[in-house]
Amino acid sequence: MSDRETAIHYRFLLPVTLSVALGGLLFGYDTAVISGCIGYLTTHFHLDEAMKGWVASSALVGCIGGAMAAGFVSDAIGRKRTLILCAALFALSAVGSAIPRTVTQLVLARILGGLAVGGASMTVPMYIAELAPERIRGRLISLYQLAVVVGISVVFFINMLIQGQGTDAWNVETGWRWMFASETLPAMLFGVLLLGIPESPRWLMGRSRPAEARAVLDRVQDRQAANVVLAQIQDSLRHEKGGFREVFAPEFRPALLIGICLALFQQCSGINVIMYYAPEIFKAIGAEADSAFRQAVVIGAVNLAFTFVAIWLVDRVGRKALMLVGSLVQAVALGAVGWLYYVGESNSFTFSLGGIEMSAWFHHEGGSSMLLLVFILVYVAAFAATMGPVVWIVIAEIFPNKVRGRAMTLATFALWTACYLMSQTYPMLVESDIIGNAATFWIYSVVSLLTVAFVWGYVPETKGRTLEEIEASWLSRRRSIPKKPIS
C-alpha cells in the first residue's frame, strides 16, 4: 500500500459508503421485482401486449421524473436529505404496489417507486464520488452497482420462493402482491441508516460551509490530504458560476456528450429487457414456470459474481479498457442469442457433432432453453464486469463540482428514458411479424458494437485523478470532443 492509501480512514468511509449504496439495492430490487410479477399480472388484469409493456415499464416513467428532479433537489437541500426522501418513496411504493384493485392504481404506485429509483440512481453515485478519495473512488462507486445487482439477485430469489408457495391460481391472485410488499423492509432499513451519514463535503463547500466540509474530509483521510482536497475544491468553485447554463459551456460540452451517450449505450444493449422479462423469455422458448424462475435466479447470481470483477479491476486497469472489452463480448453474446432464436423459429439449422444431430438436440425440450441461458449469462457477465458499473462511475466523475447535480440529471434522464423505451417496446418487438425475437437481439448486438467505436474514439480515462483534476483538464482543452485520455 502507498502512503496515499494508508491515509484513508476506511473505518469511517466504508460504513458510510455501504449505507448509501443500499439505495442501489433498492434500485435493483424495485426495478427487477416486476420480472416475477408480470406473467401473473397479465392474467390477473387481462393485459394485452401493449398494456403488459406499460405495466412492466411504468416505473421507468417515474425514474425519468426522479432523475430530472434529483439534480435540482439535491443541489437545493443536499445529497443526504434527497436520499432520505427516496427511502420514503421506496416504502410507499412497495405498499401501494401490493394492494391495488385496478391497473391504474398499480401503475401509479410503480411510478412512485420509479421516482425513488431515478433519484437514488443519480444521487447515490454522486454522493460517493464527492466523498471518496481518488485512488479508491472507482471501487467505492462500484459498490453502488454491486448493491444494484444484489438487489436484483435477492428479488429474483424472493420471487422464486413466493412463487413456490402456491398454485398458479394463488400467484395470479395473491403471490405477486407479496413480491411487491417484500420491498418494504429494505426501504425502511435504508431510511434508518441514512440518518447516520454526513453531508457531502463538496456540497457543503458549494454552500459556503467550509468548516463542516473540513470536518467530513478529516474523517475520510488524514489532515494533510484533506487540506489538499479542500484547497482544490475551493479553487474549482472560484471558476464556476453554478448556473444551469454552465452545463452547456463549450469547455464542458464534451463531458455532457460523453455522459449522455454512455447512458444511452448502456441501456440500449438490452440489459433491463433481460432483468425485467427473464422468466418470460425462458417461458417463450419452452421452459416450465419453475424452471424459468430458477434460470432467472442464475442470471442474478452471475450478475452479482461478475460485479466483483469490476470492483477488482476498475481502479487497476481503468474505465476505458473495461468498457471496450465488455462491449465487444456483449455484442458477440447478443448476436448468438439472436441466432438461437432464428434457428428455433425457422427450424433451418442442422449439423452433426460427434454423431449427435444438433438440430434435434436444439429442438428437444429444454435444449433451446439451456443454450439460450448460456449466452445470456455471457452477456450478463460482460455487462456486470464492465458497462454496468463503469458507466455510473464515469458519469459521477466527469462533471464540474457546482454543476454536477444538474449535469448528472441530464445524463440519468437519458439513461432512464432509454430504459423505458427498451422495456416498453420489447414485448411489441418480439411479437412483431416483421422483427421478432432474433432481430430484436441482433439490434441490441449492433448497439454494443457502436459502443466499442464510441468509447475507443471519444471517452477519456479518468482513473486515479481527483474530481478537480478532471475538471481542470476540461478547462485546459477547449475541444468539441476529447479524443485522447485526460492526462
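The values are calculated or read from the model by the stated rules, or taken from the named source; none is laboratory data. Note that the structure is a prediction, hence the values are computed from the model and not measured. Backbone-built Cβ (ideal geometry, glycine too); neighbour counts: all protein chains shown.
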Filter pass, Trp416 being part of a helix (DSSP H, G or I) and closer than 30 Å to Met126 by Cβ: yes
Can you find, within the stretch 403-451, the residue that is nearest to Leu204 (Cα to Cα) among those that are among the β-branched types (Val, Ile, Thr) and crowded, with 19+ Cβ neighbours inside 10 Å? Val403
Residues (assigned to a helix (DSSP H, G or I) and acidic (Asp, Glu)) located in the stretch 436-480: Glu468, Glu469, Glu471
Condition set buried (at least 24 other Cβ atoms within 10 Å of the Cβ) and of a type in the set (A, V, I, L, M, F, W, C), scope the stretch 90-105, selection nearest to Cys63 (Cα to Cα): answer is Phe90
What residue, of Val172, Val216, Val228, Val148, is part of a helix (DSSP H, G or I) and under 25 Å from the mean Cα position of the chain (by Cα)? Val148
Quick one: what pairs do we get from the stretch 378-402, first residue crowded, with 24+ Cβ neighbours inside 10 Å, second of a type in the set (D, E, K, R), C-beta under 6 Å, 6+ apart or different chains? Val390/Arg319; Val394/Arg319; Pro400/Glu240; Pro400/Glu471
Condition first: hydroxyl-bearing (Ser, Thr, Tyr), crowded, with 18+ Cβ neighbours inside 10 Å and either within 19 Å of the chain's Cα centre (by Cα) or assigned to a helix (DSSP H, G or I) (or both). Can you find one or more residues in the stretch 4-14 that meet it? no
Of the residues in the stretch 175-213, those that are among the polar types (S, T, N, Q) and either in contact with a Lys or Arg (Cβ under 9 Å, 6 or more places away or on another chain) or part of a helix (DSSP H, G or I) (or both) come to Thr184, Ser200
Hits in the stretch 36-53 (condition: modelled with pLDDT under 85, surrounded by fewer than 16 Cβ atoms within 10 Å (Cβ to Cβ) and in a helix (DSSP H, G or I)): Glu49, Ala50
Has the stretch 49-58 got at least one residue that is among the β-branched types (Val, Ile, Thr) and within 20 Å of Ile395 (Cβ to Cβ)? no
Please state which one of Leu467, Leu373, Leu475 is touching a His at 6+ places or on another chain (Cβ under 8 Å) and modelled with pLDDT under 85. Leu475
Filter result (farther than 16 Å from Ala187 by Cα, assigned to a helix (DSSP H, G or I) and aliphatic (A, V, I, L, M)) within the stretch 112-145: Met122, Met126, Ile128, Ala129, Leu131, Ile136, Leu140, Ile141, Leu143
Hey, could you check the stretch 82-105 for residues that are in contact with a helix residue (DSSP H, G or I) (Cβ under 8 Å, 6 or more places away or on another chain) and not aliphatic (A, V, I, L, M) and say which is nearest to Tyr127 (Cα to Cα)? Thr82
